[in-house]
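K.L.:
For reference, the structure I am asking about is given below.
The values are calculated or read from the model by the stated rules, or taken from the named source; none is laboratory data. In this text, all values refer to a predicted model and were calculated from it rather than measured experimentally. A quick note on method: Cβ atoms are made from the backbone with ideal geometry, for glycine too, and the neighbour counts reach across all protein chains shown.
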Amino acid sequence: MGLILRDVSKYFGSFQVIKDLSMEVREGALFGFLGANGAGKTTTMRMILDLFRPDSGRITWNGIDVREVPRRVWGYMPEERGLYPKMRVDEQLLFLARLQGVSKQEAQKALDEWLERFQIIVNRDRRIEELSKGNQQKVQFLAAILHDPTILIMDEPFSGLDPVNANVLKEAFLEMRRRGKTIIFSTHQLEQAEELCQDIVIINKGQSVVQGSVRDVKRQSGRNVARLKLDNDPEANWLDTLDGVQVTKRREDYIEMQIEANLNPNVIVEAALQHGGIISRFELTEPSLTDIFIEKVGAVSLPDAPSSVLSA
Amino acid sequence: MIPQQTPVQERREQEQGALAVSSGAAAQHNLRNIGLIIGREYRNLVKRRSFIITSVLLLVIVFLAAFIPTVGQLITARTPSQTQIVVVNDAGTVAGLNDAALTSYIRTELNGTNTGSQAPYAISSQPATNLGNLQSQVKQGKLDILLMLDRAANQNVRFTYDTDASATNDSNQSTIQALAQLLTFLDTAHRLGLTSSQTQRLAAPPDFTAVHTQQSQTTRPVSDIAAGYVLAFAGVILIFLSVTLYSSIVATGVAEEKNSRMMELLVNAATPFQLLAGKIVGIGAACLTQMGSLVVVGIAGLLLQTPLQAALFGAKAGGFSLYLTAVSIPFYFLFLIYFLLAFFLYATLFAGLGAMVKRQEEVNSAIMLPTVLIISGYLLFFFTVSSPDATVTRVLSYIPFWTPWLMLMRLALGTVAWWEIVVTIALMLLTILACTWFAARLYRYGVLMYGQRPGLGQLLKLAFGR
């Protein structure tokens with residue numbers, strides 16, 4: 001069950017923004033929604049929230065069409081921050097929570113608790129426009145969760161946050177997950193997704209490119225990553241001639257390459273020794289989501305010049 | 001995953017429960033949400049610094065304006081108002097009157113029964129030898145009017161009228177001209193040798209009877225009509241001001257929410273109808289607060305005039321309270337109704353259009369069409385105020401966009417059947433319903449439509465589509 005999208009399509013005029021998108025978000029999961037700018041993430045989220053209606057396909061939450069799901073179930077944090085700039089923080093948050101049907105006392109209690117947790121309690125009687133961007137974003141997050149929704153839809157929640165505030169938000173995410181909430185968030189900071197998410201989907205031009213649990217996605221890619229450093233041969237140009245090996249980066253500290261899943265990594269070590277290399281580092285690792293993202297999305301979005309994206 | 005199953009499961013049941021009862025509780029939610037939004041909009045507006053400053057300024061202006069008639073009366077009372085006229089007769093006897101008799105005749109003719117300091121004109125005569133001196137006195141403004149009589153070649157009396165007033169500011173010329181006409185008539189009759197009784201017969205007014213076959217307004221006392229004018233003007237201006245001012249506040253508010261993306265949160269929490277209704281009623285309440293306090297202060301100012309005038313002018317005091325009581329209570333009640341209907345009609349339209357704009361700066365061009373409707377209704381009032389019972393006025397007053405102004409004027413100055421009130425209110429209510437429905441749809445789709453500017457065809461598709 002959970003949230004299911006089936007063959008969802010959406011047109012803006014004659015332009016198809018979303019193409020037969022299907023995906024599934026398990027209940028209680030922290031779900032990463034990844035894609036380049038303009039891939040259709042925001043549009044999809046708005047369709048999940050029934051702000052837009054899909055032109056075809058169906059979106060259901062636990063088997064119920066999202067149009068029928070009570071509004072209180074959803075918590076939404078839009079990408080472009082939206083709050084009344086001239087309204088006080090506490091008045092604003094209480095107004096929104098009560099609009100969602102929370103009693104005044106309950107809303108007040110939740111507000112006190114979260115302002116404390118986010119360390120912005122001193123800002124409670126200030127206007128939104130007087131707050132720093134990071135604090136505005138915290139208030140925006142509170143606006144999404146104060147009515148105790150079941151599903152959180154967060155559009156780029158981490159953009160523009162410094163590492164300290166990003167960490168506060170991450171903690172809040174984990175707390176919401178502990179409380180059994182389902183969280184869907186979009187990002188292009190892939191390390192964050194890798195760190196937080198169980199499941200992800202990567203979409204490009206409105207189509208699903210890859211989806212599943214992070215581990216499956218990495219396994220599906222059918223590749224492993226090896227890192228090699230030779231003290232006496234930093235370029236190791238002979239690597240380019242090895243079958244099943246593709247060098248992706250030549251960095252100062254190591255050379256990174258993707259190797260086919262069925263290739264025994266020992267081949268690389270043997271070749272290095274044959275070329276008289278002195279090995280100071282050799283490690284095998286899984287591809288990062290960044291690698292997979294660039295491989296999948298880069299190939300689709302720039303079919304004519306994949307190499308320039310890969311070396312970037 | 002497994003240990004979290006239990007709370008999630010529970011919540012799911014709650015949700016489905018909430019879904020089942022949601023239709024039953026919908027009306028209650030509607031009221032609660034609309035109430036919350038009304039409260040927010042009202043507080044947001046009346047707490048604004050610009051709102052407070054404007055209100056205080058308007059209150060002061062209205063209060064002071066109530067004193068204008070009294071001050072005017074005071075100024076008139078303090079300035080000497082007698083017009084000095086010197087007659088120089090170089091025409092010999094005129095109509096058989098010598099100089100002294102002529103002067104006394106002119107005095108009676110101009111002043112009527114008023115004598116002494118009550119008389120508007122002070123008349124004296126001087127010999128022709130002083131003419132040059134008198135002419136320069138008029139030029140310097142020491143003398144108001146110099147009237148010279150002599151005879152032309154054909155023996156007719158010739159009048160020369162010198163005044164210290166300019167051509168555009170001369171309030172006496174017509175009076176003096178009428179006097180000259182009368183004297184010429186009498187003088188000619190005298191020279192023709194007519195007896196005074198013959199002259200009187202010649203001057204007798206025509207026997208003329210007018211029969212008005214249509215019902216006349218004589219049932220309404222004059223004071224009632226005067227009060228009607230004052231109230232109609234005040235009411236029309238009040239409605240015009242409120243509608244233009246506050247409807248555009250509604251439109252700007254919607255555009256602002258859309259601009260700050262507040263809308264995406266709001267439409268997730270409340271229905272478009274709730275948002276629309278809450279915003280309009282909240283801003284309307286702020287409008288009523290401002291206009292209501294203006295009316296109260298204005299009335300208080302007018303009521304102050306009666307004792308003030310009694311103190312200043314004694315028994316001569318006029319009654320301003322006349323305006324407040326001469327027109328019946330139903331008029332005030334109907335005024336309030338048309339006021340509210342006008343506001344709701346235009347605010348709804350403005351809200352729908354406000355949701356259509358991309359940026360706040362575009363609001364003004366988007367609300368052009370309804371603004372033209374408002375201004376045309378306001379202007380129609382001035383075109384029809386002289387003929388409140390004409391057919392064209394009646395027909396125009398049925399058009400809902402103009403009803404508030406024209407019906408108000410007809411109520412104050414003309415005759416209105418009770419069913420006309422019912423019909424116009426019903427028509428307005430229907431139009432408001434249609435506008436609300438239209439605006440809610442525009443709102444629902446418009447608030448989330450960024451980037452693309454809809455054409456008229458697309459607007460209609462949005463309104464009547466799925």
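K.L.:
Scan region A:177-212 residue by residue and report those that are polar (S, T, N, Q) and part of a helix (DSSP H, G or I).
P.N.:
Here is the first cut: in region A:177-212, the ones polar (S, T, N, Q) are A:182, A:186-187, A:189, A:192, A:198, A:204, A:207-208, A:211.
Once the filter is applied, which keeps residues that are polar (S, T, N, Q) and part of a helix (DSSP H, G or I), region A:177-212 yields only A:Q192.
K.L.:
Sort through A:Q108, A:Q92 and tell me the only one that's within 21 Å of B:N44 (Cα to Cα), part of a helix (DSSP H, G or I), more than 12 Å from chain B (Cβ to nearest Cβ) and of a type outside the set (A, V, I, L, M, F, W, C). Before the answer, list the steps.
P.N.:
Values: A:Q92 fails: more than 12 Å from chain B (Cβ to nearest Cβ).
The conditions single out A:Q108.
K.L.:
Taking region A:49-63 as the search range and keeping residues that are within 7 Å of chain B (Cβ to nearest Cβ) and in contact (Cβ under 8 Å) with a residue 60 or more places away in the chain, which one is surrounded by the most Cβ atoms within 10 Å (Cβ to Cβ)?
P.N.:
If we take residues in region A:49-63 being within 7 Å of chain B (Cβ to nearest Cβ) and in contact (Cβ under 8 Å) with a residue 60 or more places away in the chain, then A:L49 is surrounded by the most Cβ atoms within 10 Å (Cβ to Cβ).
K.L.:
Consider A:F12 against the criteria (1) under 18 Å from the mean Cα position of the chain (by Cα); (2) of a type in the set (F, W, Y); (3) at pLDDT below 90: it satisfies all of them except one. Which criterion is unmet?
P.N.:
(1)
K.L.:
If you go through region A:9-43 one residue at a time, how many are of a type outside the set (D, E, K, R) and either within 14 Å of another protein chain (Cβ to nearest Cβ) or more than 30 Å from A:K170 (Cα to Cα) (or both)?
P.N.:
We begin by selecting, within region A:9-43, every residue of a type outside the set (D, E, K, R); these are A:9, A:11-18, A:21-23, A:25, A:28-40, A:42-43.
Restricting the remaining residues to those that are either within 14 Å of another protein chain (Cβ to nearest Cβ) or more than 30 Å from A:K170 (Cα to Cα) (or both) gives A:9, A:11-17, A:25, A:28-31, A:38, A:42-43.
Residues flagged as of a type outside the set (D, E, K, R) and either within 14 Å of another protein chain (Cβ to nearest Cβ) or more than 30 Å from A:K170 (Cα to Cα) (or both) within region A:9-43 amount to 16.
K.L.:
Scan region A:111-127 for residues that are in a helix (DSSP H, G or I) and surrounded by fewer than 21 Cβ atoms within 10 Å (Cβ to Cβ) and report the count.
P.N.:
Taking region A:111-127 first, the residues in a helix (DSSP H, G or I) are A:111-117, A:121-123.
In the following step, the residues that additionally are surrounded by fewer than 21 Cβ atoms within 10 Å (Cβ to Cβ) were identified as A:111-117, A:121-122.
Residues meeting the conditions: 9.
K.L.:
Looking at B:T371, is it at pLDDT 75 or above and in contact with a Ser or Thr (Cβ under 6 Å, 6 or more places away or on another chain)?
P.N.:
Details: at pLDDT 75 or above: yes; in contact with a Ser or Thr (Cβ under 6 Å, 6 or more places away or on another chain): no.
Considered against the rule, which asks whether it is at pLDDT 75 or above and in contact with a Ser or Thr (Cβ under 6 Å, 6 or more places away or on another chain), B:T371 comes out as no.
K.L.:
Would you confirm, using the coordinates I've provided, whether A:E80 is touching a strand residue (DSSP E or B) at 6+ places or on another chain (Cβ under 9 Å) and either surrounded by fewer than 21 Cβ atoms within 10 Å (Cβ to Cβ) or in a loop (DSSP other than H, G, I, E, B) (or both)?
P.N.:
Numbers: touching a strand residue (DSSP E or B) at 6+ places or on another chain (Cβ under 9 Å): yes; either surrounded by fewer than 21 Cβ atoms within 10 Å (Cβ to Cβ) or in a loop (DSSP other than H, G, I, E, B) (or both): yes.
Taking the combined requirement at face value, the residue satisfies it.
K.L.:
Also, quick follow-up: Would it be correct to say that B:A27 is modelled with pLDDT under 90 and buried (at least 16 other Cβ atoms within 10 Å of the Cβ)?
P.N.:
No.
K.L.:
For region B:250-264, enumerate the residues that are facing chain A (nearest Cβ under 9 Å) and aliphatic (A, V, I, L, M).
P.N.:
Across region B:250-264, the qualifying residues are B:M262, B:M263.
K.L.:
Residues of region B:306-343 being of a type in the set (F, W, Y) and either modelled with pLDDT of 80 or more or assigned to a helix (DSSP H, G or I) (or both), which ones?
P.N.:
B:F313, B:Y323, B:F331, B:Y332, B:F333, B:F335, B:Y338, B:F339, B:F343
K.L.:
If I filter region B:358-394 down to residues being β-branched (V, I, T) and within 23 Å of B:L231 (Cα to Cα), which single residue comes out as surrounded by the fewest Cβ atoms within 10 Å (Cβ to Cβ)?
P.N.:
Going through the qualifying residues, I end up with B:T391.
K.L.:
Can you find, within region B:388-440, the residue that is modelled with the lowest pLDDT among those that are closer than 14 Å to B:I337 by Cβ and assigned to a loop (DSSP other than H, G, I, E, B)?
P.N.:
The qualifying residue modelled with the lowest pLDDT is B:V416.
K.L.:
Next up: Can you report the number of residues in region A:139-161 which are more than 10 Å from chain B (Cβ to nearest Cβ) and acidic (D, E)?
P.N.:
Of the residues in that region, 1 qualify.
K.L.:
Now for a different question. Picking from A:R227, A:R215, which residue would you name as being assigned to a strand (DSSP E or B) and surrounded by fewer than 17 Cβ atoms within 10 Å (Cβ to Cβ)? It would help to see each step written out before you state the result.
P.N.:
Details: A:R215 fails: assigned to a strand (DSSP E or B).
After applying the criteria, what remains is A:R227.
K.L.:
Take A:A110 and decide whether it is closer than 25 Å to A:L3 by Cβ and under 21 Å from the mean Cα position of the chain (by Cα).
P.N.:
Here the answer is no, as A:A110 does not meet what is asked.
K.L.:
Can you tell me which of B:V267, B:V211 is at pLDDT below 85, surrounded by fewer than 19 Cβ atoms within 10 Å (Cβ to Cβ), over 25 Å from B:T103 (Cβ atoms) and not polar (S, T, N, Q)? Can you show your working first?
P.N.:
Details: B:V267 fails: surrounded by fewer than 19 Cβ atoms within 10 Å (Cβ to Cβ).
Only one candidate passes the filter, namely B:V211.
K.L.:
Taking region A:266-287, which residues are surrounded by 15 or more Cβ atoms within 10 Å (Cβ to Cβ) and not β-branched (V, I, T)?
P.N.:
Matches in region A:266-287: A:A271, A:A272, A:G277, A:F282, A:E286, A:P287.
K.L.:
Name every residue in region B:268-284 that is touching a Leu at 6+ places or on another chain (Cβ under 7 Å) and more than 17 Å from B:A251 (Cα to Cα), in order of residue number.
P.N.:
Selection gives B:N268, B:A269, B:A270.
K.L.:
Further question on the same structure: Tell me, please, whether a residue that is among the basic types (K, R), surrounded by fewer than 18 Cβ atoms within 10 Å (Cβ to Cβ) and in contact (Cβ under 8 Å) with a residue 40 or more places away in the chain can be found in region A:175-186.
P.N.:
no
K.L.:
Continuing with the same structure: Specify the residue that is modelled with the lowest pLDDT; the eligible residues are those in region A:253-264 that are within 23 Å of A:S221 (Cβ to Cβ) and surrounded by fewer than 14 Cβ atoms within 10 Å (Cβ to Cβ). Write out each step before concluding.
P.N.:
Looking only at region A:253-264, we keep the residues that are within 23 Å of A:S221 (Cβ to Cβ), and these are A:254-264.
With surrounded by fewer than 14 Cβ atoms within 10 Å (Cβ to Cβ) added as a condition, the list becomes A:260-262, A:264.
Details: A:E260: 81, A:A261: 75, A:N262: 80, A:N264: 85.
Ranking the qualifying residues of region A:253-264, first place goes to A:A261.
K.L.:
From the residues in region B:56-106 that are polar (S, T, N, Q) and surrounded by fewer than 17 Cβ atoms within 10 Å (Cβ to Cβ), which one is nearest to B:L308 (Cα to Cα)?
P.N.:
In the first step, residues of region B:56-106 are kept if they are polar (S, T, N, Q); the result is B:70, B:73, B:76, B:79, B:81-84, B:89, B:93, B:98, B:103-104.
Next, from what is left, pick out any that are surrounded by fewer than 17 Cβ atoms within 10 Å (Cβ to Cβ): B:76, B:79, B:81-82, B:93, B:98, B:104.
Working: B:T76: 16, B:T79: 20, B:S81: 23, B:Q82: 26, B:T93: 52, B:N98: 50, B:S104: 40 Å.
Looking at residues that are polar (S, T, N, Q) and surrounded by fewer than 17 Cβ atoms within 10 Å (Cβ to Cβ), I get B:T76.
K.L.:
Moving on. Could you check A:D199 against (1) within 14 Å of another protein chain (Cβ to nearest Cβ); (2) over 25 Å from A:Q119 (Cβ atoms); (3) out of contact with any strand residue (DSSP E or B) (no Cβ under 7 Å at 6 or more places or on another chain); (4) charged (D, E, K, R) and say which number it fails?
P.N.:
Unmet condition: (3).
K.L.:
Based on what the data block shows, is A:Q136 within 14 Å of chain B (Cβ to nearest Cβ) and either out of contact with any His (no Cβ under 7 Å at 6 or more places or on another chain) or surrounded by 21 or more Cβ atoms within 10 Å (Cβ to Cβ) (or both)?
P.N.:
So A:Q136 passes the test.
K.L.:
Go over the candidates A:K138, A:K170 one by one and state the one that is outside any strand (DSSP E or B) and closer than 25 Å to A:D50 by Cα. Steps first, please.
P.N.:
Values: A:K170 fails: closer than 25 Å to A:D50 by Cα.
None of the others qualify; the one that does is A:K138.
K.L.:
Could you list, in sequence order, all residues of region A:165-218 that are polar (S, T, N, Q) and either more than 21 Å from A:K19 (Cβ to Cβ) or out of contact with any Gly (no Cβ under 9 Å at 6 or more places or on another chain) (or both)? Steps first, please.
P.N.:
Filtering region A:165-218 down to residues polar (S, T, N, Q) leaves A:165, A:167, A:182, A:186-187, A:189, A:192, A:198, A:204, A:207-208, A:211, A:213.
Hits for region A:165-218 are A:N165, A:N167, A:T182, A:T187, A:Q189, A:Q192, A:Q198, A:S208, A:Q211, A:S213.
K.L.:
Something else about it: Restricting attention to region B:257-270, which residues are assigned to a loop (DSSP other than H, G, I, E, B) and in contact (Cβ under 8 Å) with a residue 24 or more places away in the chain? Lay out the reasoning, then the answer.
P.N.:
At the first step, the residues of region B:257-270 found to be assigned to a loop (DSSP other than H, G, I, E, B) are B:260-261, B:270.
Listed by number, the list holds a single entry, B:A270.
K.L.:
What number of residues in region A:64-119 are of a type in the set (S, T, Y) and in contact (Cβ under 8 Å) with a residue 12 or more places away in the chain? If you could, list the steps in order and put the result at the bottom.
P.N.:
So the first thing to find is which residues in region A:64-119 are of a type in the set (S, T, Y), and the list is A:76, A:84, A:103.
When the remaining residues are screened for being in contact (Cβ under 8 Å) with a residue 12 or more places away in the chain, the result is A:76, A:84.
Summing the residues that are of a type in the set (S, T, Y) and in contact (Cβ under 8 Å) with a residue 12 or more places away in the chain in region A:64-119 gives 2.
K.L.:
Which of the residues that make up region A:70-87 are more than 7 Å from chain B (Cβ to nearest Cβ) and at pLDDT 90 or above?
P.N.:
Correct list: A:G75, A:M77.
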